[in-house]
Amino acid sequence: MVNTSSVNTLLSAIEDTGRDARRGGYSRPVYSAAELELREWFSAEAARRNLAVETDRNGILWAWWDLPGNDPTSPERRGALVTGSHLDSVPGGGAFDGPLGVASALAAVDLLQARENSGSLFRNRALAVAVFPEEEGSRFGVACLGSRLLAGTIDPRKALALRDADGNTFADVSRANGRDPDAMGRDDAVLGTIGDFVELHVEQGRGLNTEEFTDAAGHGPAVAVGGSVLGHGRWRFSISGQGNHAGTTLMADRADPMVAAAQLIVAVRQTAAAQSGARATVGRLEPVPGGTNVIASRVDLWLDVRHPDDAVTAALVEKIHGQAQKIAAFEGCSVQLTEESYSGTVHFDPALQRSLEQSVARTVPGAPVLATGAGHDAGVLAARVPTGMLFVRNPSGISHSPEEYVEDGDAQLGVEALADVLQDLL
Ligand code: HGY
Ligand code: MN
Ligand code: MN
């Protein structure tokens, strides 16, 4: 009998991996020592469950629970059921964004294997737990890089040329971690093994915690079914001015890109606040050279814009670009805009969503269907295979922060709901 471990035990085993003393929380960029340690942890936990662990050409980890008698070396895995999520994090991220989905998948396998051993589960297809690299895009700048490569929704040449803050290309780092960059990109053989993909994820936002679903005593459904993923993109503004000395340059003689950047950030907030349903954020700004006594010569800043209607997102970016040009000109600077990534709004497969609603209702009656404002690999893979999501209640809704949190009991309910979902789909 495989010694099962609860999702909370699984998560506590990695609670010290990749802690960020300066930012708080965790910094686990793809292929960093921390993320590699998490890959080792995952592979060991999968092996303990007799899952066959493989890494595909794009660096995606697959842990296979093949059908009884299937030879894992040459199985007919077409149309398998896949669950999982990611292990990489944003800088200073929380403990649950990604790992909750991976740990819950492993804990759900425990429940399913116990049900099969007791004769209450019959499977007619294989199950795999997948771990997608660079979901956050924290190291190479494009979110869901692994699933985009698999799905063929990013040009591999563009992906492989992406550079991290130290100038390493994704190609070099992938090669250093055992990949062949020339083989990376859309993988129809792997896509053919995915019949359905279901991702469990910590809720990011307060959907489950609104009065609509939770009473004054805090009682309400701990799990929701995903309905859609908000369209979202990332754009880089490079504002160039005149680098100079902070002490010898009179105020009237300056072309300071930092001042232009500051005005642009305020304009971004005002523009988004005026458009219902829009979210726009500048969370990252890099002055060059970045000295205390130096007027910057250039400032790069990154814009994240999201809205349910892709046309509105495009119009917002266009408007912000116009504002940036005016502001830069006024400051004697120039500005360049580059789109780094974009994913349109995705509605999950309706039939799969209905199946998830029915299965989840057994463990979590009244579980609602919620949209999410966060991007996910399930949103990217929806372009190629039926995908669905489950969200587990996060009391504060805070995410991409050390304060992200899930109650142990809710995490366990999430595992039971996921196990029921997987059992019904198997
Ligand atoms: O940015 C996102 O929404 C996701 O967390 N990568
Ligand atoms: Mn995230
Ligand atoms: Mn995530």
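The values are calculated or read from the model by the stated rules, or taken from the named source; none is laboratory data. As the structure is a prediction and not an experimental result, all values here were calculated from the model. Cβ atoms come from the backbone with ideal geometry, glycine included; neighbour counts cover every protein chain shown. Calculation scope for accessible area: heavy atoms of the full protein, side chains included, ligands and nucleic acids excluded. Shrake-Rupley method; radii C 1.70, N 1.55, O 1.52, S 1.80 Å.
Before moving on, here are some points about what is shown:
- When ARG49 is tested against (1) open to solvent by less than 20 Å² (accessible area, probe 1.4 Å); (2) in contact with a Gly (Cβ under 6 Å, 6 or more places away or on another chain), just one condition goes unmet, and that condition is (2).
- GLU407 being surrounded by fewer than 16 Cβ atoms within 10 Å (Cβ to Cβ), among the acidic types (Asp, Glu) and more than 16 Å from ligand 2 (Cβ to nearest atom): yes
- The stretch 200-212 - residue that is on the phi < 0 side of the Ramachandran plot and in contact with a strand residue (DSSP E or B) (Cβ under 8 Å, 6 or more places away or on another chain) and, of those, nearest to ligand 2 (Cβ to nearest atom): GLN204
- Any hit, the stretch 176-199, residues being open to solvent by less than 10 Å² (accessible area, probe 1.4 Å), within 21 Å of VAL364 (Cβ to Cβ) and within 16 Å of ligand 2 (Cβ to nearest atom): yes
- Top-ranked residue of the stretch 224-283 - restricted to ones that are among the polar types (S, T, N, Q) and open to solvent by less than 30 Å² (accessible area, probe 1.4 Å), ranked as nearest to PRO365 (Cα to Cα): SER228
- Unmet criterion (only one of (1) within 25 Å of SER12 (Cα to Cα); (2) away from ligand 2 (no atom under 16 Å from the Cβ); (3) part of a strand (DSSP E or B)) for GLY388: (1)
- Segments classed as helices (runs of 4 or more DSSP H), wholly inside the stretch 122-225, with at least 3 members that are under 30 Å from LEU303 (Cβ atoms): 145-151, 156-161, 170-176
- Qualifying positions in the stretch 96-123 - polar (S, T, N, Q) and either farther than 22 Å from GLU54 by Cβ or not assigned by TED's automatic domain parsing to the domain that holds TYR31 (or both): ASN117, SER118, SER120
- Some residue of the stretch 207-217 being within 16 Å of ligand 3 (Cβ to nearest atom) and open to solvent by 10 Å² or more (accessible area, probe 1.4 Å): yes
- Test: residue in the stretch 27-43 that is at pLDDT 95 or above, more than 16 Å from ligand 3 (Cβ to nearest atom), open to solvent by less than 10 Å² (accessible area, probe 1.4 Å) and not in a helix (DSSP H, G or I): no
Residue-by-condition table, conditions (1) within 16 Å of ligand 2 (Cβ to nearest atom); (2) outside the structural domain of ALA278 (by TED's automatic domain parsing); (3) among the hydrophobic types (A, V, I, L, M, F, W, C):
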residue	(1), (2), (3)
THR338	no, no, no
ALA361	no, yes, yes
VAL364	no, yes, yes
VAL380	yes, yes, yes
VAL415	no, yes, yes
ASP420	no, yes, no
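- Scan of the stretch 111-134 for residues that are open to solvent by 10 Å² or more (accessible area, probe 1.4 Å) and of a type outside the set (Phe, Trp, Tyr), ordered by number: LEU111, GLN113, ALA114, ARG115, GLU116, ASN117, SER118, GLY119, SER120, ARG123, ASN124, ARG125
- Being assigned to a helix (DSSP H, G or I) and at negative phi is not true of GLN242.
- The number of residues in the stretch 298-328 being touching a residue at least 12 places away in the same chain (Cβ under 8 Å), open to solvent by less than 40 Å² (accessible area, probe 1.4 Å) and of a type outside the set (Asp, Glu) comes to 15.
- Note on the stretch 331-357: among residues that are touching a residue at least 40 places away in the same chain (Cβ under 8 Å) and in a helix (DSSP H, G or I), the one that is farthest from GLY414 (Cα to Cα) is LEU352.
- Output for the stretch 358-380, where each listed residue is away from ligand 1 (no atom under 16 Å from the Cβ), surrounded by 17 or more Cβ atoms within 10 Å (Cβ to Cβ) and in a helix (DSSP H, G or I): SER359, VAL360, THR363
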